[in-house]
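The values are calculated or read from the model by the stated rules, or taken from the named source; none is laboratory data. These figures come from a predicted structure and were not determined experimentally. Heads up, the Cβs are rebuilt from the backbone with ideal geometry, glycines too, and the neighbour counts pull from every protein chain shown. All accessible areas refer to the heavy atoms of the entire protein, side chains included, with ligands and DNA or RNA removed. Shrake-Rupley method; radii C 1.70, N 1.55, O 1.52, S 1.80 Å.
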Amino acid sequence: DAIQHISWNYDGSNVAVSSKDKFVRVLDPRTDTVAVEFEAHTGAKGCRVCYLGTTHMLATTGFSRQSDRQLFVWDVRGTDKGKAVVEHLVDTASGSLMPFYDSDVNMLYLAGKGDGNVRYYEIVEGPPYIHYVDQYSGKDPQRGLGMVPKRGVDTAGTEIAKFMRLCDKHIEPLSFKVPRKSETGNDDLYPPTFSGRPSLSADEWLGGKNADPILDAIS
């Protein structure tokens, strides 16, 4: 069926896709096989999917039959792969939720398309799996967001994430900071992060090799 959204896993060995038929499938694109498939959200609107770093879990956002916005978390290693480990009702707004995951600090950001909210959650590997932290509420609705690479954050200001918000007539930066008084001793906020350099060549990957991303320290 028609693909709506995709997300690669941490080492590039497979990709999760959400489709118009309401199913999420985990594929090995090199062998054209489906490892896992399940029906995610039952609503008529589109579903989005996001791998959660090294956790072997997926987050999906979509709608219920009553058009409630939902966040589900799935463990694709479990024996019951068709049952979510988290079924979280977000709200009743009409715009799609766009997921962004920061594996450095295990934070999941959900941005509402057409509204001004960005909610964020801490992800953990055991129950309850998600911890709601807070939300940003802007006065202008957002049409889309892009996450700035971690090398673009202000470490002296304890900034852990930065986005660019696309609004109707302008683009604006959106910053997320940890409220700490000290500008030093914050190494726990800035572990080695994605360098932007490829771990494998195209031929190596097509030949069946997998590799974790190359990480660099944030200077």
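Just checking, does region 164-171 include any residue being without any contact (Cβ under 8 Å) to a residue 40 or more places away in the chain and under 30 Å from Asp28 (Cβ atoms)?
No; the residues of region 164-171 include none that is without any contact (Cβ under 8 Å) to a residue 40 or more places away in the chain and under 30 Å from Asp28 (Cβ atoms).
Whether any residue in region 174-196 is at pLDDT 95 or above and among the aliphatic types (A, V, I, L, M) is what I want to check.
Yes; the residues of region 174-196 include at least one that is at pLDDT 95 or above and among the aliphatic types (A, V, I, L, M).
Residues being closer than 18 Å to Gly95 by Cβ and of a type in the set (Ser, Thr, Tyr): count how many of those fall in region 144-182.
0
Sort out which residues of region 20-62 are open to solvent by 30 Å² or more (accessible area, probe 1.4 Å), assigned to a loop (DSSP other than H, G, I, E, B) and hydrophobic (A, V, I, L, M, F, W, C), and write them in order of number.
Ala44
So Trp205 clears everything in (1) in a loop (DSSP other than H, G, I, E, B); (2) under 29 Å from Asn14 (Cβ atoms) except one condition, right? Which one?
(1)
Among His5, His56, His41, which is the only one that is touching a Lys or Arg at 6+ places or on another chain (Cβ under 8 Å), at positive phi and not small (Gly, Ala, Ser)?
Working: His5 fails: at positive phi; His41 fails: at positive phi.
Among His5, His56, His41, only His56 is touching a Lys or Arg at 6+ places or on another chain (Cβ under 8 Å), at positive phi and not small (Gly, Ala, Ser).
Among Gly157, Gly126, Gly114, which is closer than 16 Å to Lys177 by Cβ and over 12 Å from the mean Cα position of the chain (by Cα)?
Details: Gly126 fails: closer than 16 Å to Lys177 by Cβ; Gly114 fails: closer than 16 Å to Lys177 by Cβ.
Exactly one of Gly157, Gly126, Gly114 is closer than 16 Å to Lys177 by Cβ and over 12 Å from the mean Cα position of the chain (by Cα), namely Gly157.
Note down all Cβ pairs under 7 Å where the first residue falls in region 56-69 and is under 15 Å from Ser18 (Cα atoms), the second is among the small types (Gly, Ala, Ser) and in a strand (DSSP E or B), and they're at least six residues apart or on different chains.
Leu58/Ala16; Thr60/Ser18
When you look at Arg25, is it of a type in the set (D, E, K, R) and touching a residue at least 40 places away in the same chain (Cβ under 8 Å), yes or no? Explain how you work it out, then say what you get.
Details: of a type in the set (D, E, K, R): yes; touching a residue at least 40 places away in the same chain (Cβ under 8 Å): no.
Criteria not met by Arg25.
When region 164-214 is examined, which residues are found to be closer than 17 Å to Asp104 by Cβ, of a type outside the set (Ser, Thr, Tyr) and surrounded by 14 or more Cβ atoms within 10 Å (Cβ to Cβ)?
Selection gives Phe176, Lys177, Asn186, Leu189, Phe194, Pro213.
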